[in-house]
Protein chains: 4
Amino acid sequence: MLKYLTGNPDMKLTSNSDVITRDYFDSLLVETRYLDSVLPSTEFTLFGETFSTPIMTAALSHLDNTASDGMVTYARAATQVGAVHWVGMGSDEELERILATGARTIKIIKPHADNKEVFRKIEHAVKAGCFAVGMDIDHAFNSEGGYDSVFGLPMKAKSTEELREFVQAAGIPFIVKGVLSPRDADKCLDAGCSGIVVSHHHGMIQYAVPPLMALPDILFVVGGEIPVFVDCGIESGMDAYKCLALGATAVSVGRHLMPLLKHGADAVADRIYAMTTELAGVMARTGVSSLSAMDPTVIHKRNF
Amino acid sequence: MLKYLTGNPDMKLTSNSDVITRDYFDSLLVETRYLDSVLPSTEFTLFGETFSTPIMTAALSHLDNTASDGMVTYARAATQVGAVHWVGMGSDEELERILATGARTIKIIKPHADNKEVFRKIEHAVKAGCFAVGMDIDHAFNSEGGYDSVFGLPMKAKSTEELREFVQAAGIPFIVKGVLSPRDADKCLDAGCSGIVVSHHHGMIQYAVPPLMALPDILFVVGGEIPVFVDCGIESGMDAYKCLALGATAVSVGRHLMPLLKHGADAVADRIYAMTTELAGVMARTGVSSLSAMDPTVIHKRNF
Amino acid sequence: MLKYLTGNPDMKLTSNSDVITRDYFDSLLVETRYLDSVLPSTEFTLFGETFSTPIMTAALSHLDNTASDGMVTYARAATQVGAVHWVGMGSDEELERILATGARTIKIIKPHADNKEVFRKIEHAVKAGCFAVGMDIDHAFNSEGGYDSVFGLPMKAKSTEELREFVQAAGIPFIVKGVLSPRDADKCLDAGCSGIVVSHHHGMIQYAVPPLMALPDILFVVGGEIPVFVDCGIESGMDAYKCLALGATAVSVGRHLMPLLKHGADAVADRIYAMTTELAGVMARTGVSSLSAMDPTVIHKRNF
Amino acid sequence: MLKYLTGNPDMKLTSNSDVITRDYFDSLLVETRYLDSVLPSTEFTLFGETFSTPIMTAALSHLDNTASDGMVTYARAATQVGAVHWVGMGSDEELERILATGARTIKIIKPHADNKEVFRKIEHAVKAGCFAVGMDIDHAFNSEGGYDSVFGLPMKAKSTEELREFVQAAGIPFIVKGVLSPRDADKCLDAGCSGIVVSHHHGMIQYAVPPLMALPDILFVVGGEIPVFVDCGIESGMDAYKCLALGATAVSVGRHLMPLLKHGADAVADRIYAMTTELAGVMARTGVSSLSAMDPTVIHKRNF
């Protein structure tokens, strides 16, 4: 079971997709640009709100085995460091406690077989104060060709038409998580989504194309109309930089932060902050003054 | 001796061609497609008959050292799981016992130097109820530039003309196993064959091109006129998926199943079933509803 | 801290950029050309002066922990072997003692935040007898997105305009060290610089493009107008040859020499001499009679 | 010292060029072609004489430390197996004893600084009954950019003009060994040579282009006018096949045979014979009936 490895303090790569994704990050090199470079800003604007960093928390779920009240601790960390906070599966009550920390939160809802539950979750998330909602569409199937079941709840793949209804019901930005194909990205646009997370859900399928390898074709389809986020395997400011330089709007970090949760919100916030300063360091050394000044020609592919 | 490694419960890769073939499988990545995806069907139709899975048994021979009455056990497993069954060298009596299990069987005949033996074997297979016959042409030579001898019987390479005569004698579909070259594939078409198995016979020659790497050029030559099967090194539903996505009609699994034979037909059938559900899982996650909906653009080549 | 690893007798690669750079060197192969080849000359002319070798010392700093009076020992070695000598950070008094060895010296000045200090250092270097000066622009930032501080002195990135002022103040050739981008190279030309050192400062940034991989695009921009030197990871005459064959004017060696400093100037001079004879050996075997006869078609990229 | 490693029974790869050459062999894959294939012939014709195999001995020298009277034992092995025999440095008397075995011998002469010695050696070889002579031009220089000295005798690089004089003096076919560049190949043609050995002299220079990688460009320049042989690192009939399929006229094997010399001529002859049958085996399985029917499209480059 790859999906619920929370609570494991010595997080290991759990799918060969994670290993392949790491190899892809490591195959990308950077050229420096020092002349006329200035101190960079990592200020990040999303849906009209401004944040300190484009390094966001990832939509984790069920962190109680990882740390006491882990989901709230996680939200507190994001709030402290001025990062966009994402949250995965959980009760309405838990979401309310998360939002009470002040975290600017994007709620990711599972693709429940019962669409009424989806609509109810959307309505609650909006009312509770999330500034965006979304769905991780990659949780629809299990590994045996049937529909998935998560904590006993039946899942089901969603059609573009159903997605359009979710978008309309939300009223606030609706984001699809788990896109690894230009085809799915195109359908997200059709359905009126406000954002896409390029992700293989930390290796839910083996031999997945690394998100960063899939990014260029997805960006081509999206054509700048909505933000495109990158998820999976990001462990450093350098990893984040490579995603942003190649066109990602922002990145999500989850697995890398989980082992820190048991040390409290400060430890998690410190790590996000350190990754952000490392990102800033690479920006400075490559002549990039702000996120909008990112330039893909800084990146070179190893061919040796 | 690479050819008769049966009976070894800890089957290892026995030729560098097997290692190279594994590397090639591992170099292929997949992109997911979740939106509008439905529960997939693995139903497979061959020569007018319908099967539960495109994962077929491979044409193994002489399994008595592997498991008691191994050849019949193997056939029983294929029958149980609704898979096409292939059978290699063996006596007429053994073939009849195999067919008595109800296995829908394709009999592969060795390239005997004595064509009369070939014709006799074809006639018996047809009469006994095989729904296709064929020949593993890659057993013609030994590794020293002479003709091979199998269990004391002399072998010989076959001409396109001889192949045509076998095809006509059979009357039922005739399949050539051991094609790794567009040139041989073209000759199979000329001779009127009804199918091709792309295979290096689990590494009979060292440094063999992996079947899946040879597949595109062979498919180009075949032009959709006859089914093209892929053999060698398939160990998972993901491996099978990659073959099918790149255009194979179906795949054969042999070495991977052999160590299970001693645990009985159920163990073998269970493994074929598990590989089929894994295949279905990948189909679901890549938006492929049936074998006829396979799409090669899902596959990406590692270049890092 | 990657920057001041002096004093460590067992110098190890300290950044993955160093490892990547080594891999790149190792990916380049040479073809031999024996017919009509003659004994080669490694004579090297720079800014009107003639040297015995295109293998130069690199601009190291603060070598006192490495060897007693290390900076002067280092200069003595360069003088003995007839190599261009480069010197990094240090006091005016130290520079004068270095020049007293007779070393033909290029002084590299840090990008001090206080330009008055830069101008003062330039003026002193010129007066003291350096035959060129320059700046390592890659020391502007720290790894956290702020300006660097070196031995307590604040640094700052320089604009092309400031660079132009330094060039004019110098009067003698002004060289920019730390260029890894055609963009910075172009700005160096604009500012009137007399030379460029392609370098990632032995891995100051992780995942840096290897200098030799960056060289062709930089040479294209420079168009032969000024010399282009290559720095980082050169450990043999073969490494030097590859740089020169691909268009570098000369190369710098620093880290590779440091462990020898504690054995005295002779040991360092001997190593530069040995690398030069090895370079000559490769020149002879590839039909290159002098540095001006270098030919990039001798070099082949591994693709296997 | 890479050059005289004879006498070492556990021959190891002695230069990274040998390792790189092995990697290149291993990167080449073959496709099988069984239909219409016949029993192949390895008969090989050179300069009007017919041999049993295109696998020739390499021009080794000074084998006395390897085996008692090693040079003569080596010749006896070639004679027994019907292979072309090559011989390197040695006394006139030794050459006569070699020829007395009946070995059809090609004598390779060192590039002596003193051309009179070269002419004298040519004259002796012709008179003694060699059916071709030649020179290993890659022995001209040492690794330090000077001329080489072999067993106290001074060497020197040869001009195309000098080569022409050697060719004319010989009267019998003159072959240049140590070509790794189309440029040298072109000069050999100009000088009237009758053959070329593509070789890096088992790694005399580090990072040498593998001979088989250099072969296509050299064949393009040679345009079929003279035979082109491949040397270095051949250890199997498969290695030989790859060279021949890609256009080599024949191959030389030396280092691989040396450890067998101490077991006598039979052991060496047996190994050449076994490599030849292995070559025949690959020919049979790839539909190649004779050396003149070799087809480069059988070979595929690994790209994974």
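The values are calculated or read from the model by the stated rules, or taken from the named source; none is laboratory data. Being a predicted model, the structure only gives us computed values, none of them experimental. Using ideal geometry, Cβ is built from the backbone for each residue, glycine included, and neighbour counts are taken over all protein chains shown.
Filtered by the rule that a residue be assigned to a helix (DSSP H, G or I), more than 9 Å from chain C (Cβ to nearest Cβ) and not basic (Lys, Arg), the range D:163-185 gives D:Glu165, D:Phe166, D:Val167, D:Gln168, D:Ala169, D:Ala170, D:Ala185. Within the range D:275-287, does at least one residue satisfy the condition of being buried (at least 24 other Cβ atoms within 10 Å of the Cβ), within 11 Å of chain B (Cβ to nearest Cβ) and touching a Lys or Arg at 6+ places or on another chain (Cβ under 7 Å)? Yes, because at least one residue in the range D:275-287 is buried (at least 24 other Cβ atoms within 10 Å of the Cβ), within 11 Å of chain B (Cβ to nearest Cβ) and touching a Lys or Arg at 6+ places or on another chain (Cβ under 7 Å).
Within the range D:242-293, the set of residues being of a type outside the set (A, V, I, L, M) and under 16 Å from the mean Cα position of the chain (by Cα) comprises D:Lys242, D:Cys243, D:Gly247, D:Thr249, D:Ser252, D:Gly254, D:Arg255, D:His256, D:Thr276. Scanning the range B:83-104 for residues that are farther than 20 Å from B:Val150 by Cβ and either out of contact with any helix residue (DSSP H, G or I) (no Cβ under 9 Å at 6 or more places or on another chain) or of a type in the set (S, T, N, Q) (or both) yields a single hit, B:Thr101. Residues in the range B:249-274 that are touching a Leu at 6+ places or on another chain (Cβ under 9 Å), away from chain A (no Cβ under 14 Å) and β-branched (Val, Ile, Thr): B:Thr249, B:Val251, B:Val268. If you go through the range D:188-198 and pick out every residue that is buried (at least 24 other Cβ atoms within 10 Å of the Cβ) and either at the interface with another protein chain (Cβ under 10 Å from one of its Cβ atoms) or β-branched (Val, Ile, Thr) (or both), you end up with 4. Say whether the condition of being modelled with pLDDT of 95 or more and facing another protein chain (nearest Cβ under 9 Å) is met by at least one residue in the range D:122-136. Checked the range D:122-136: no residue is modelled with pLDDT of 95 or more and facing another protein chain (nearest Cβ under 9 Å).
Just a yes or no: is a residue in the range C:27-34 crowded, with 19+ Cβ neighbours inside 10 Å, more than 14 Å from chain A (Cβ to nearest Cβ), closer than 22 Å to C:Cys130 by Cβ and among the β-branched types (Val, Ile, Thr)? Looking through the range C:27-34, none of the residues is crowded, with 19+ Cβ neighbours inside 10 Å, more than 14 Å from chain A (Cβ to nearest Cβ), closer than 22 Å to C:Cys130 by Cβ and among the β-branched types (Val, Ile, Thr).
Of the strands (runs of 3 or more DSSP E) that lie entirely inside the range D:68-140, those containing 3 or more residues that are touching a His at 6+ places or on another chain (Cβ under 9 Å) and buried (at least 17 other Cβ atoms within 10 Å of the Cβ) span D:105-109.
Among residues of the range C:264-281 that are over 16 Å from C:Ser252 (Cβ atoms), those with a beta-carbon under 7 Å from a residue that is of a type in the set (Lys, Arg) and at pLDDT 95 or above at least six positions away or on a different chain give the pairs C:Ala265/C:Arg76.
Of all residues in the range B:199-241, those satisfying the criterion of being within 14 Å of chain D (Cβ to nearest Cβ), under 16 Å from the mean Cα position of the chain (by Cα) and either in a loop (DSSP other than H, G, I, E, B) or closer than 16 Å to B:Thr53 by Cβ (or both) are B:Ser199, B:His200, B:His201, B:His202, B:Gly203, B:Met204, B:Pro210, B:Asp231, B:Cys232, B:Gly233.
Looking only at residues in the range A:141-162 that are farther than 22 Å from A:Ala58 by Cβ and part of a strand (DSSP E or B), the one that is nearest to the other protein chains (Cβ to nearest Cβ) is A:Tyr147. Considering (1) closer than 28 Å to D:Asp184 by Cβ; (2) crowded, with 21+ Cβ neighbours inside 10 Å; (3) within 13 Å of another protein chain (Cβ to nearest Cβ), the lone condition that D:Lys301 does not fulfil carries the number (2). Only residues that are touching a residue at least 60 places away in the same chain (Cβ under 8 Å) and either at positive phi or crowded, with 21+ Cβ neighbours inside 10 Å (or both) were counted across the range A:144-165, and they come to 1.
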